[in-house]
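K.L.:
Handing you this structure, nothing more for now.
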Amino acid sequence: MKTGTAKFAIGQVVRHRIYPFRGVIFDVDPEFANTEEWWRSIPEEVRPARDQPFYHLLAENEETQYIAYVSEQNLVPDLSGAPVRHPRVDEFFVRGDDGHYHVRPRHAH
C-alpha cells in the first residue's frame, strides 16, 4: 500500500476489523508516525505496513475508553449510528442531528 489520500475522515466513526473496539477519528498521519518501540510491540505476523495512513481515535470497547492509533488497513466504517461515549468527544466534536461528528471550530485546521 502506498502513502496517499486517507480513506477515512476526521469525525468519522470507525471500528477495528479484528478487535472489538470502535471510535471517532480526531487526527490522521499520512504514514506511520509513532515510536519504533510501539511498532516493534506489534507481533510481526500482524504488524501493518508503515506506508499507509494511521488514525488517532477516541476509542471505546465494552469496558473502557482510551486513545488508539490504528492503521488504515485495520479499520472499517462503523454504521451502528450509536454515539461514541469517550469522555473527550465533546472537547473535539459536536454531534449533529444526523449523528455525524463535526469538528468544533477551535480545532479546525
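K.L.:
Report, to the nearest whole %, how much of the accessible area of the chain belongs to carbon and sulfur atoms, 1.4 Å probe, protein only.
P.N.:
Answer for the chain is 52 percent, counting heavy atoms of protein chains only.
K.L.:
While we're on this one: Dipole magnitude of region 20-109 about its Cα centre, charges +1 at Lys/Arg Cβ and -1 at Asp/Glu Cβ only, in debye to the nearest 20?
P.N.:
So the magnitude is around 280 debye.
K.L.:
Give me the extension gain from A33 to T5: residue separation times 0.36 nm, minus the current Cα-Cα distance, reported in nm with one decimal.
P.N.:
So the chain would gain 8.5 nm between A33 and T5.
K.L.:
Using each residue's phi in region 50-64, evaluate 6.51 cos²θ - 1.76 cosθ + 1.60 at θ = phi - 60° and report the 3J(HN,Hα) Karplus result to the nearest Hz, with x for Gly and Pro.
P.N.:
So the J values, rounded to whole Hz, are 7, 8, 8, x, 10, 10, 9, 10, 7, 9, 8, 10, 4, 9, 7.
K.L.:
Ordering T64, T5 by accessible area with a probe of 1.4 Å, largest first, what comes out?
P.N.:
Per-residue accessible area, sorted high to low, gives T5, T64.
K.L.:
L75's amide H: which non-local residues (gap 5+, or another chain) put their own amide H closer than 5 Å, with H modeled 1.01 Å from N in plane and none for Pro or chain starts?
P.N.:
Amide H neighbours of L75: R17.
K.L.:
In whole Hz, with x marking every Gly and Pro, tabulate ³J(HN,Hα) for region 35-48 from phi via Karplus 6.51 cos²θ - 1.76 cosθ + 1.60, θ = phi - 60°.
P.N.:
These are the phi-based 3J(HN,Hα) values: 7, 4, 4, 4, 4, 6, 6, 7, x, 3, 5, 10, 5, x Hz.
K.L.:
Note down the Stokes-Einstein diffusion coefficient of region 1-53 in µm²/s, whole number, using a Kirkwood radius over alpha carbon pairs, 10 °C, and 1.306 mPa s.
P.N.:
D, rounded to a whole number, is 127 µm²/s.
K.L.:
Accessible area per residue for region 50-109 in Å², computed with a 1.4 Å probe and the full protein assembly in place, what is it?
P.N.:
That works out to 59 Å² per residue.
K.L.:
At 37 °C and a viscosity of 0.692 mPa s, what translational diffusion coefficient does Stokes-Einstein give for the chain, taking Rh as the Kirkwood radius over Cα pairs? Give it in µm²/s as a whole number.
P.N.:
Calculated translational D: 227 µm²/s.
The values are calculated or read from the model by the stated rules, or taken from the named source; none is laboratory data. From a predicted model like this one, the values you see are computed outputs, not experimental measurements. We place every Cβ from the backbone using ideal geometry, glycine too, and count neighbours over all the protein chains shown. The area values use the complete protein model at the heavy-atom level, side chains included, leaving out ligands, DNA and RNA. Shrake-Rupley method; radii C 1.70, N 1.55, O 1.52, S 1.80 Å.
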